[in-house]
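Structure first, commentary second.
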2 protein chains.
Amino acid sequence: MNQVKQTKRTTIYDLAELAGTSASAVSAVLSGNWKKRRISSQLAEKIMRIAEEQGYALNMQASLLRREKSHIIGMIVPKYDNRYFGSIVELFEDMARARGLFPIITCTRRDPQLEVEAARTMLSYQVECLIATGATDPDRITEMCAAAGVRSLNLDLPGALAPSVISDNFAGARELTRRILKNSEQRLGKMEPLLFIGGRGSDHNTAERIRGFREAHADLGVAVHEENILACGYAPEKAEKALDERALGGNALPKGMFVNSTISLEGVMRWIRRSDHLDDRSLVLGCFDWDPFVTLLGNGIEMVRQDVPGMLNKVFELIESGANKPVVIQVPPLIPEAQEA
Amino acid sequence: MNQVKQTKRTTIYDLAELAGTSASAVSAVLSGNWKKRRISSQLAEKIMRIAEEQGYALNMQASLLRREKSHIIGMIVPKYDNRYFGSIVELFEDMARARGLFPIITCTRRDPQLEVEAARTMLSYQVECLIATGATDPDRITEMCAAAGVRSLNLDLPGALAPSVISDNFAGARELTRRILKNSEQRLGKMEPLLFIGGRGSDHNTAERIRGFREAHADLGVAVHEENILACGYAPEKAEKALDERALGGNALPKGMFVNSTISLEGVMRWIRRSDHLDDRSLVLGCFDWDPFVTLLGNGIEMVRQDVPGMLNKVFELIESGANKPVVIQVPPLIPEAQEA
DNA sequence: CAACCTTGCTCAATCGATGAAGCAAGAATT
DNA sequence: AATTCTTGCTTCATCGATTGAGCAAGGTTG
């Protein structure tokens with residue numbers, strides 16, 4: 001009926017007794033350096049067989065306590081609700097494992113308090129390196145890590161105290177804006193200033209994208225008014241609300257929009273649907289981030305796809321080089337050809 | 001005396017020396033049970049002040065080695081590339097933390113080998129409980145956990161050896177199919193058998209959904225031919241390829257499709273675009289899974305949204321109740337009203 | 001045949017935190 | 001005055017794996 005409750009887990013001492021040898025020999029065999037420890041292959045095989053039979057699993061806590069390196073690498077990430085962060089996390093895990101590291105990831109929901117707690121917890125787990133992805137206060141995290149003698153890196157959003165790998169937001173936004181303006185000219189016959197919507201005015205990426213947005217307008221000789229910049233936050237509801245408010249403002253909404261993330265695009269699309277513009281071919285959109293279904297939305301929405309493999313390659317290069325200086329490495333994003341539906 | 005050596009991390013022994021007391025007192029104070037250990041509040045305050053000054057961080061490995069409970073809860077998850085798994089992971093982390101547990105999540109890419117390795121690693125980290133989400137071989141994982149005396153649960157896909165929390169795939173698929181057939185009747189004037197595409201014929205969810213798919217056809221008196229069931233796998237390319245092959249088969253493709261995941265829907269939509277059916281209003285689609293942009297795709301695609309909070313509530317109920325019997329708990333999915341574009 | 005390797009192992013200290021047991025000094029009770 | 005109780009600490013074993021040091025047995029060399 002009832003399962004026999006296994007009170008204690010198998011340890012190397014149990015295996016040693018079963019094999020009629022010492023814990024030391026078992027450890028040497030199971031950690032793979034039995035040749036260096038001059039254990040005979042007979043004994044090694046016997047130990048490995050018994051370990052297998054007993055379903056032995058290493059106690060990492062004990063192992064890590066003794067060793068000097070934990071081989072644990074931590075990452076904090078704001079959300080899992082879009083393709084950008086999803087692919088960062090998936091590829092990060094993969095690349096970490098390929099390098100013999102154990103990745104620990106935690107989601108901090110863009111909450112500064114949670115970020116700090118998560119960082120503290122990761123330090124307790126003896127991470128060797130902590131990647132702060134899209135952190136609201138990356139420098140705080142770098143300071144905490146530094147105090148514990150742990151390396152840290154920033155990804156997606158830069159910090160002033162540790163190396164940062166980010167997209168080239170300025171160039172990406174400039175090109176995206178240029179494309180939206182061109183599309184707008186093609187569809188409406190003339191170029192009109194676009195609306196910038198989404199993101200936080202206080203974050204570096206949004207600021208740089210706004211700079212690129214302005215620059216592209218200037219390049220093409222189009223003036224942008226200040227009220228066309230709505231850095232209203234990332235959540236879909238915020239974009240929706242910002243558009244509502246802007247629409248109430250009196251003067252007509254621009255026909256073209258630069259949307260600062262797929263998450264904000266969700267809100268924008270909801271607003272568009274509500275206001276019966278969904279099939280309005282004169283609406284010209286672009287989005288700084290990529291999602292497979294957006295391609296299929298049929299409005300010929302331009303997208304910028306951030307180069308996640310490129311960014312993570314840089315991250316691991318930095319880790320392996322041991323660099324600690326607060327450089328900012330900008331990785332050019334990819335801008336696929338938008339396909340007209 | 002003061003911190004100059006950044007090579008070693010501060011331990012309770014360092015703090016003890018600085019405070020002129022014992023490591024034991026430091027441990028008692030910092031672990032919060034100094035009242036039970038009868039430490040004076042004067043000494044407690046002093047120790048806490050010094051710990052703060054030194055930026056002390058607990059060594060979790062040492063702490064966990066000594067304690068009997070790790071408070072670590074593990075989850076393996078197949079992918080991060082869709083909203084369903086994304087929200088599972090995000091909410092799981094949240095609920096785990098709310099219960100004082102430390103969540104560790106790892107992505108196994110639907111790879112049985114990786115699943116086993118991930119499970120072994122999690123056991124090494126002394127997880128108290130392991131949630132196998134959408135595992136290809138859940139029973140293998142349950143066996144590994146049982147051998148280590150660790151609890152395990154299945155989520156999304158059921159196993160025979162541990163409690164499982166899954167969607168009511170049969171009922172969800174039946175209702176989804178019914179809706180697609182009704183839409184099909186409305187748009188085409190008649191009901192024709194649908195195409196089922198995506199998923200693995202070998203997995204329980206796909207099998208149950210196919211059963212619901214057939215049942216709904218039977219309910220409405222529509223016959224489905226075997227060749228209308230294409231359980232071609234989850235990847236977008238597989239769905240795309242399966243449609244290509246099916247289209248080459250000679251007889252015309254059905255106008256209505258039941259797509260078994262958003263990931264498969266990506267492939268289906270790509271195929272539709274390629275074959276110039278994108279604006280074909282006679283195409284009637286439904287998808288077992290939810291994505292915000294799919295709502296906006298404009299084909300009036302019906303969706304089933306799996307009840308992630310409901311499922312995770314059940315998961316934590318099971319954990320807290322200590323149940324170990326291999327029951328299967330089916331959580332009804334939500335079927336929002338599809339909005340016609 | 002003594003000195004010296006080599007092989008194949010074991011012993012014991014160690015990592016840092018924890019907590020049961022114990023101890024010294026003062027307070028309270030008999 | 002002798003005993004017991006209380007307070008506020010310290011001591012030490014422990015968790016499981018790792019690893020430098022060491023040891024015994026057999027082989028090789030001078």
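The values are calculated or read from the model by the stated rules, or taken from the named source; none is laboratory data. In this text, all values refer to a predicted model and were calculated from it rather than measured experimentally. Every residue, glycine among them, receives a Cβ derived from its backbone with ideal geometry; neighbour counts consider all protein chains shown. Note: accessible area is taken over every heavy atom of the protein model, side chains too, but ligands, DNA and RNA are not part of it. Shrake-Rupley method; radii C 1.70, N 1.55, O 1.52, S 1.80 Å.
Beta bridges per DSSP, both residues in chain B: antiparallel share near 10 percent.
Note on the range A:279-341: Kirkwood radius taken over Cα pairs, Stokes-Einstein applied at 25 °C and 0.890 mPa s, translational D equal to 177 µm² s⁻¹.
Can you grab the distance from the C-alpha centre of the range B:177-240 to the C-alpha centre of the range A:76-131, Å, no decimals? Rounded to whole Å, the Cα centres lie 39 Å apart. Please work out, to two decimal places, the log10 of the ratio I(q)/I(0) at q = 0.22 Å⁻¹ from a Debye calculation in which every Cα of the range A:12-65 carries one identical scatterer. For the range A:12-65, the Cα-only Debye profile gives -0.77.
With both residues required to sit in the protein assembly as shown, DSSP beta bridges show an antiparallel share near 10%. For residue B:289, nonlocal amide neighbours, meaning residues 5 or more places apart or on other chains whose placed amide H falls under 5 Å from its own, are B:304. Angle of helix B:169-188 to the longest C-alpha principal axis of chain B, folded into 0 to 90 degrees and rounded to 10: 40°. Axis angle, to the nearest 10 degrees, between helix A:204-219 and the longest C-alpha principal axis of chain A: 30 degrees.
Please work out whether the range B:69-162 counts as rounded, prolate or oblate from its C-alpha gyration tensor, where a ≥ b ≥ c are the square roots of the eigenvalues and a/c under 1.5 means rounded, while otherwise a/b larger than b/c means prolate and anything else oblate? The shape class here is oblate. Helix A:83-98 and the longest principal axis of the C-alpha atoms of chain A enclose an angle of approximately 30°. Starting from the label point of residue A:237 at 7 Å along Cα→Cβ, the same points in the other copies fall at 4.0 nm, in ascending order. Across peptide B:109-119, the average count of Cβ atoms from other chains found within 10 Å of a residue's Cβ is 1.
Proximity of backbone amide H atoms, modeled 1.01 Å from N, is registered between residue B:72 and B:102, B:128 at under 5 Å, excluding neighbours fewer than 5 places apart on the same chain. If you wrap the tightest convex hull around every Cα atom of chain B and split its volume per residue, you get 176 Å³. Take residue A:274, move 7 Å from Cα toward the beta carbon, and the resulting point lies 3.8 nm from the same point in each other copy, nearest first.
Across the cross-link table entries A:182/B:255; A:35/A:314; B:8/B:36; A:79/B:314; A:69/A:314; B:238/B:314, which are compared at the Cα atoms, the separations over 25 Å belong to A:182/B:255; A:35/A:314; B:8/B:36; B:238/B:314. For the range B:129-214, a Kirkwood hydrodynamic radius built from all Cα pairs, placed in the Stokes-Einstein relation at 37 °C and 0.692 mPa s, yields a translational diffusion coefficient of 226 µm²/s.
Across the range A:255-262, coupling constants 3J(HN,Hα) worked out from phi with the 6.51/-1.76/1.60 Karplus curve, θ = phi - 60°, read 7, x, 9, 9, 9, 7, 5, 5 Hz, and Gly and Pro carry x. Of all DSSP-defined beta bridges confined to the range B:169-304, some 15% are antiparallel rather than parallel.
So what is the diffusion coefficient of the range B:151-283 in µm² per second by Stokes-Einstein at 4 °C and 1.567 mPa s, using a Kirkwood Rh over Cα pairs? Roughly 84 µm²/s, to the nearest whole number.
Rounded to the nearest 100, the interface formed by chains A and B buries 5700 square angstrom of accessible surface, both chains summed, with a 1.4 Å probe. Projecting 7 Å from Cα along the Cα-to-Cβ direction, the label point of residue A:188 sits 4.1 nm from its equivalents in the other copies, listed shortest first. Proximity of backbone amide H atoms, modeled 1.01 Å from N, is registered between residue B:155 and B:132, B:133, B:134, B:135, B:165 at under 5 Å, excluding neighbours fewer than 5 places apart on the same chain.
Would you calculate a helix-derived [θ] at 222 nm for chain A, using -39,500 (n - 2.57) for each DSSP H run of n ≥ 4 and dividing by the full residue count, to the nearest 500? Estimated from H runs of four or more residues: -14000 deg cm²/dmol.
Only protein atoms count toward the accessible area here, which uses a 1.4 Å probe; on chain A, the carbon and sulfur part of that area reaches 50 percent. Averaged over the residues of A:292-302, the number of partner chain Cβ atoms lying within 10 Å of the residue Cβ comes to 5. The Rg/Rh ratio for the range B:207-341 is 1.03, where Rg is the radius of gyration of the alpha carbons and Rh is the Kirkwood radius. Oblate is the label for the protein assembly as shown, because the ratio a/c of its alpha-carbon gyration tensor axes (a ≥ b ≥ c) is 1.5 or higher and a/b is not greater than b/c. With a 10 Å cut-off around each Cβ of A:55-68, the average count of Cβ atoms from other chains is 6.
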